[in-house]
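Have a look at the structure below, then the notes.
The values are calculated or read from the model by the stated rules, or taken from the named source; none is laboratory data. Bear in mind that the values here come from a model prediction, so they are computed numbers and not experimental data. Please note: Cβ atoms are built from the backbone with ideal geometry, for glycine as well, and neighbour counts cover all protein chains shown. To get the accessible areas, we keep the full protein, side chains included, count just its heavy atoms, and leave off ligands, DNA and RNA. Shrake-Rupley method; radii C 1.70, N 1.55, O 1.52, S 1.80 Å.
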Amino acid sequence: MSNYFSIGKLLSAHGLQGEILVKHSLGKRSALKGVEAVFLEERKNSFIPYFIKEVKVKNIDHLYLKLDGIDTKEAAQKLLPGQIYLQEADFKEQTASSAPLALLGYTVEDAHHGTLGQIEEVIEMPMQVLVKVQISGKEALLPINEQSLVKMDKKNQVVYVDLPEGLVELYTG
């Protein structure tokens, strides 16, 4: 089974030919070059491939997406709102290494508590990034910012952090 990574949201139908405006978090202007299909989650953990007909870059974090078989504004609206996903290989190729989204799948290692878990989701906030990790079976949101980030090991996919005292205990206590 493939791993799917959310790269953004389907925002709105654009024009009358079924184009969709997409907001993505790839960290660079992207026309999804080399990507054949994107995936939409129709039901939880049920990803349906949609083949890409055309992509037009709007700006650094928006693009217009034309999907095969979606030829009317109404057909495009049926897909809204929703997340848009790429398979792991495409995701790794399309994401700027500096983009917070590139942290998906990395392991979080805390200075005091050791390995906390694998990053399942990245939430970008104005002053920091939150990463979702499972700690003792509980969903934990951990801040990655100037104060908490010690270093990043891209080769081994590990984020080293020194989290505020008491934060990890909220999830383990």
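Taking the inverse of the mean 1/r over every pair of distinct Cα atoms in region 88-164 gives a Kirkwood hydrodynamic radius of 12.6 Å. Largest accessible area first, the listed residues THR95, THR115 line up as THR115, THR95 when surface is computed with a 1.4 Å probe on the assembled protein chains.
Of the residues GLY105, ILE135, GLY173, the one whose Cα sits farthest toward the positive end of the charge dipole of region 100-173, with +1 on the Cβ of Lys and Arg and -1 on the Cβ of Asp and Glu, is GLY105. Here's the picture: charge each Lys and Arg Cβ at +1 and each Asp and Glu Cβ at -1 in the chain, and of GLN83, LEU65, VAL150 the one pushed furthest to the positive end of that dipole is LEU65.
Ellipsoid fit via the Cα gyration tensor, region 1-52: semi-axes of 19, 15, 12 Å, each the root of five times an eigenvalue, largest first. For region 14-78, the square roots of the Cα gyration tensor eigenvalues, ordered a ≥ b ≥ c, give a/c of at least 1.5 with a/b no greater than b/c, which places it in the oblate category. Each listed q (0.16, 0.18, 0.20 Å⁻¹) maps to a log10 I(q)/I(0) for the chain, found by the Debye formula over equal Cα scatterers with no solvent: -0.95, -1.10, -1.27. Charging the Cβ of each Asp and Glu at -1 and of each Lys and Arg at +1, and nothing else, the dipole of region 88-146 about its Cα centre rounds to 140 debye. For the cross-link pairs LYS23/LYS44; LYS66/LYS154; LYS9/LYS73; LYS9/LYS92; LYS56/LYS132; LYS58/LYS138, the ones whose C-alpha atoms lie over 29 Å apart are LYS66/LYS154; LYS56/LYS132; LYS58/LYS138. Reported to the nearest whole Å, the Cα centre-to-centre distance from region 10-66 to region 69-145 is 17.
For the pair SER12 and LYS151, the difference between a 0.36 nm per residue extended length and the Cα-Cα distance amounts to 46.2 nm. Of the solvent-accessible surface of the chain, computed with a 1.4 Å probe and all protein chains present, 50% belongs to carbon and sulfur. Using a simple spin-label model with pseudo-atoms 7 Å out from Cα toward Cβ, GLU169 and ILE52 lie 4.8 nm apart.
Rolling a 1.4 Å probe over the heavy atoms of the protein chains gives the chain an accessible area of 57 Å² per residue.
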